[in-house]
Structures are given as C-alpha cells and as structure tokens.
Amino acid sequence: MKCAGCVAAINDALRTAPGVAQVAVSLGNNSADVTFDPQTIDLAGLVAAVQGAGFQAAVAGDQADAAADATHHAELRALLGRLVVIWPIAILLMAAMVGDWLSPVWQAVLAAPVWLWGGWPYHHGAWIATRHGRADMNTLISLGTSVAYVASLAWLLAGQQRHHWYFETTAMILAFALLGRYLEAHARNRTGGELRALLALRPRTARVRRGEIWTEVAAELLAVGDVYEVRAGEAAPADGVILEGRAEVDESPISGESKPVAKGPGDRLIGATLNLNGRLVVQAEAVGADALLGRIIALVREAQGSQAPIQSLADRVAAVFVPVVVAIAALAAVVWWAADSLPQAIERAVAVLVVACPCAVGLATPTAIMVGTGRGARLGLLVKGGAVLEAAAGVHRVVFDKTGTLTAGQP
C-alpha cells in the first residue's frame, strides 16, 4: 500500500467479501485486521479478495513478517538506486532550462529514461489502479508527468519552436516524488523497529530434555509440557514452572521491575526474561503466541493496526480526494485553453495534479499510532489502540496506587 486510496480499495474488497463482519486496514504497518465467519470464508478467501483488488497479501505470521521485511528492504534499495540515477539528470535538465545551453532533442533524450524507468513505480501503480476502477496517488504522478513529457515531445516532433519545454518538469517532479516515497518508506521501516525489538527478545533456540539427553531445538518447536534448561546469561524461551535450580532473573524487559527477582523450584518463569546466574530446569506452560511476550506482541500489533477516530475521517477524505483533484485539473486545463493557450492549460493541469498528491493525508495518522504504541511497548506501557492513544492527549494527571512500583529503569 502506498496511500490512503490503497487503504480504501482494500477496505472495500474485504468488506464486500462474504462472511466479513469488520475490517481495519493500517497503512502504517501494511496490515489488515479482519473479523469474519470461518463457516463462510477462510483465510485463503480473504487473501484472494485482497489480490483481486490488485494487491499482494499473505496471512500474518513470523514467515510473512520476514518476507515483508525482505520486500521492504528491496524496495528501499530500488528507490535509492533510482534516486542516484535520476537526480543528476533532473539537475542537469533544470540547469539547461535556466542557461538555455542544451538542445530540446537532448533534453527529450535525457528525460526519456527518467519518465519511463524512474516513473515506472507510479506508471505501474496507476495502471493497476485504473484496471480495478480506482484512482490513487500513482494516478496523479503518472498522469502529470506523462502529460508534461508527451506534450513536449509532440511539440518537438511537430517542429514547433518554443521558449520553454517541460522535459525538466517531468524529471524534477519524479525526482522529488521518488525522494518523498523513499523518505516515507524509510520512516515506516523505522516505526516498525519497536515491534522488531520486542520480537528480538525471544531466543531463537531452546535446550529440551528428551529422555536423558539435552537437545537444542528451534524455540518455535517447543511444546507445552517440554522440560527445558536455562543457563546463566540466557533468556527463557517460554513461560513455565521451575523444577530445579535457583537463580536471580532480570524481568525488566517484561515487567519493568529493575531489581533482579530470586527464583527457585515452584516459581513461574516468564519467557524472554534473563537468567543472571545459576542454572534452571523449567517445564513449559505457555509457548509461542500463548506466552506472555507473545500476547504482548499481539496486543501491540493490534494497537498499531487499529484506527483512531481522526484516521477514519482522513481516510474518508483521501478516498474521494484523487478523483476530485483529477476533475479540478481537467477543469483548469479547459479554462486556461479557452482563455489563453494549450501550453498554459497543460502547465496548470500538471501543477494541480502534482501538488495535490495526498500521501501525507493517509500516512500521518497511522505512522503516529505505530510510533506511539511501539515506543510505549518498549517502555512497558501497553496502549490498546489508536482511539485510546488519541484520548490520552486529554490526560493531565495520572494517579498511582501506593502498591505500584515506579522505577527509573535501574536498581
């Protein structure tokens, strides 16, 4: 998803699927939280509904998250590569316009790869959107740059002599648009860092007792009832009850309690907490998503994917924003063509299309929710959703019970 138009399209695709009761689509973390009737539709049907709207989708999970991260990093690298090539050309064309030292033919030649290759993410996105009967941010950028380049090329091929061409306009628009997309993608990558930090608390492996032998297995293969070992300096791979051993345990990543807690046989050990000394033998009671850390991660994901009331308003505005902008641009072109000339009409239409891109309208609120809930989770504060986070802006005083533990994060 690239803009609020994408959010609206996926929302509509899922809401119209049979058996779907509720949908919350988040642009900030590229996810959709769906409440549905499993007797009517399954997860494969939901994925097919999203794909039918022209988007790629997969069921959320560790593997899907890893694939999404890999795709996101590949997108960042591709955008950076385009920026490195396009910006020098755009600056050169702008300098040629000011100094009038480069022929229009060479301007057209230099601007061609910028328009075709540099603008491909927008042209491809616009084509997919049009094919599915909608318009989005890609439509504005693709339409604006294509009109500017094609019109200038047509005048050039027709042999018209003009004091100004729009080849540099195409290049600069795409250069700034790609820079904006890169910064947005980088910001979204950073906002997911808090959740990835929580995921990193989980150890990758566990030593499990199989008969009389201790065997190292992947942590996700740990099952309820398994007996595992935690040595000094290691984190517990799952929630459980201590069978043997005594040690001091650092529970600050989970509880916020800065002082180590003494643990012995019969005590509960929370997954992801750190064994500071000694050796513990533990029987697993809750693993994976059912463990305390797994439930915390699920709550954070749910909160980051939830919508604040103000976001619903922003999404409704953005959903109709693009068609309205295209209509205004067309009207501006007609009026200026009638009042002045075709070049002036094209210039005004392109200006309206490009300046009105609604990226920030749909991205600002979900990004703020992701940053707030993720940062809160790292500090031990769980926010249950965007609506709660928005309401917190009106909180002026917090009253704590005398039995509560407030620390500075250190003993």
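The values are calculated or read from the model by the stated rules, or taken from the named source; none is laboratory data. Bear in mind that the values here come from a model prediction, so they are computed numbers and not experimental data. Note: ideal-geometry Cβ built from the backbone for every residue, glycine included; neighbour counts use all protein chains shown.
Observations on the model:
- Within segment 262-286, the residues that satisfy the criterion of being hydrophobic (A, V, I, L, M, F, W, C) and modelled with pLDDT of 90 or more are 262, 269, 270, 274, 276, 280, 281, 282, 284, 286.
- All conditions in (1) part of a helix (DSSP H, G or I); (2) modelled with pLDDT under 80; (3) under 21 Å from residue 298 (Cβ atoms) hold for residue 70, with the sole exception of (3).
- All positions within segment 293-323 that are more than 24 Å from the chain's Cα centre (by Cα) and either aromatic (Phe, Trp, Tyr) or modelled with pLDDT of 85 or more (or both): none
- Within segment 6-16, not a single residue is at pLDDT 90 or above and of a type in the set (Lys, Arg).
- Criterion violated by residue 57 - all others in (1) assigned to a helix (DSSP H, G or I); (2) surrounded by 13 or more Cβ atoms within 10 Å (Cβ to Cβ) satisfied: (1)
- Within segment 236-256, none of the residues are touching a helix residue (DSSP H, G or I) at 6+ places or on another chain (Cβ under 7 Å) and polar (S, T, N, Q).
- Taking the conditions (1) closer than 15 Å to residue 172 by Cα; (2) surrounded by fewer than 21 Cβ atoms within 10 Å (Cβ to Cβ) in turn, residue 90 satisfies each one other than (2).
- The set of residues from segment 164-196 being among the hydroxyl-bearing types (Ser, Thr, Tyr) and modelled with pLDDT of 75 or more comprises 166, 169, 170, 182.
- Yes/no for residue 290 being within 22 Å of residue 208 (Cβ to Cβ) and modelled with pLDDT under 90: yes
- Which listed residue, of 102, 116, is out of contact with any strand residue (DSSP E or B) (no Cβ under 7 Å at 6 or more places or on another chain), among the aliphatic types (A, V, I, L, M), surrounded by fewer than 23 Cβ atoms within 10 Å (Cβ to Cβ) and assigned to a loop (DSSP other than H, G, I, E, B): 102
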